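Data block below; observations after.
The values are calculated or read from the model by the stated rules, or taken from the named source; none is laboratory data. Bear in mind the structure is a predicted one, so any value in this text is a computation, not a measurement. Neighbour counts run over all protein chains shown; Cβ positions are idealised from the backbone, glycine included.
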Ligand SMILES: [Mg+2]
């Protein structure tokens, strides 16, 4: 991985980081390549090493649709902030975000999960992941017929709940997601984090590859910088693009080499 990143926009980024930023990093498809099964997405030790070095100089937030404990385990660093479940779970050593009526919601979702598991039982390549506050129905490994059948079942089972405002149904890369019916997303989570201790007076740099990351990039468009991972055509609300998690790795390295030496330690 020892090549240098060549992007014309690094010149302007270098000028901006004299004013110390906070770095928000999506996990799947940004820090790690998209794996066939979510269990297989592992963080490269050299990328982990870069994040570990960087968090001595600026606050780092790893933000994911995964459950908080899952993403925490995969990154395995204690001095950073984690945002899980698309923003519904946030924590670091000093802060913890709690959703309103969380206990009731978890109970309701547990029931819905067993119904869905029963409905989708015989569809190969389709599985339900329980992330506590949200449910993900994955179909990355399903064939066309199983996928269509799953879509049909899902619409039957949850469309009405969605229409009644009891849940919120959304879709991502080869996944449907059932979330609490609350106006909350990665973008709102980023704004919440920026008000917490250790983040005040910081401006956000957000790197992500998915549609859910675009929510965050739209929200920070004026106050920060969004960097989309993927082809330039999928830039959306981002200011810049990187081709792949490999280029993200190189940008992290670039930060380490180019952050002003006076940038103070974010978290002890
Ligand atoms: Mg992603």
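Out of all the residues in region 94-102, is one or more out of contact with any strand residue (DSSP E or B) (no Cβ under 7 Å at 6 or more places or on another chain) and within 16 Å of the ligand (Cβ to nearest atom)? For region 94-102, residues out of contact with any strand residue (DSSP E or B) (no Cβ under 7 Å at 6 or more places or on another chain) and within 16 Å of the ligand (Cβ to nearest atom): absent. Is one or more of the residues making up region 148-167 without any contact (Cβ under 8 Å) to a residue 24 or more places away in the chain, surrounded by fewer than 20 Cβ atoms within 10 Å (Cβ to Cβ) and within 18 Å of the chain's Cα centre (by Cα)? Checked against the condition, which is being without any contact (Cβ under 8 Å) to a residue 24 or more places away in the chain, surrounded by fewer than 20 Cβ atoms within 10 Å (Cβ to Cβ) and within 18 Å of the chain's Cα centre (by Cα), region 148-167 yields no hits at all. Across region 84-93, the number of residues qualifying as touching a strand residue (DSSP E or B) at 6+ places or on another chain (Cβ under 7 Å) and surrounded by fewer than 19 Cβ atoms within 10 Å (Cβ to Cβ) comes to 1.
All of (1) within 12 Å of the ligand (Cβ to nearest atom); (2) modelled with pLDDT under 95 hold for residue 216 with one exception: (2). Could you name every one of the helices (runs of 4 or more DSSP H) located completely within region 10-129 that has at least 1 residues being in contact with a helix residue (DSSP H, G or I) (Cβ under 9 Å, 6 or more places away or on another chain), under 24 Å from residue 154 (Cβ atoms) and touching a residue at least 60 places away in the same chain (Cβ under 8 Å)? Passing ranges, in order: 68-75, 102-120.
Would region 7-17 turn up any residue that is surrounded by fewer than 17 Cβ atoms within 10 Å (Cβ to Cβ) and over 24 Å from residue 235 (Cα atoms)? Among the residues of region 7-17, not one is surrounded by fewer than 17 Cβ atoms within 10 Å (Cβ to Cβ) and over 24 Å from residue 235 (Cα atoms), which makes the answer no. Would you mention how many residues in region 65-83 are crowded, with 24+ Cβ neighbours inside 10 Å and modelled with pLDDT under 95? Within region 65-83, residues that are crowded, with 24+ Cβ neighbours inside 10 Å and modelled with pLDDT under 95 number 2.
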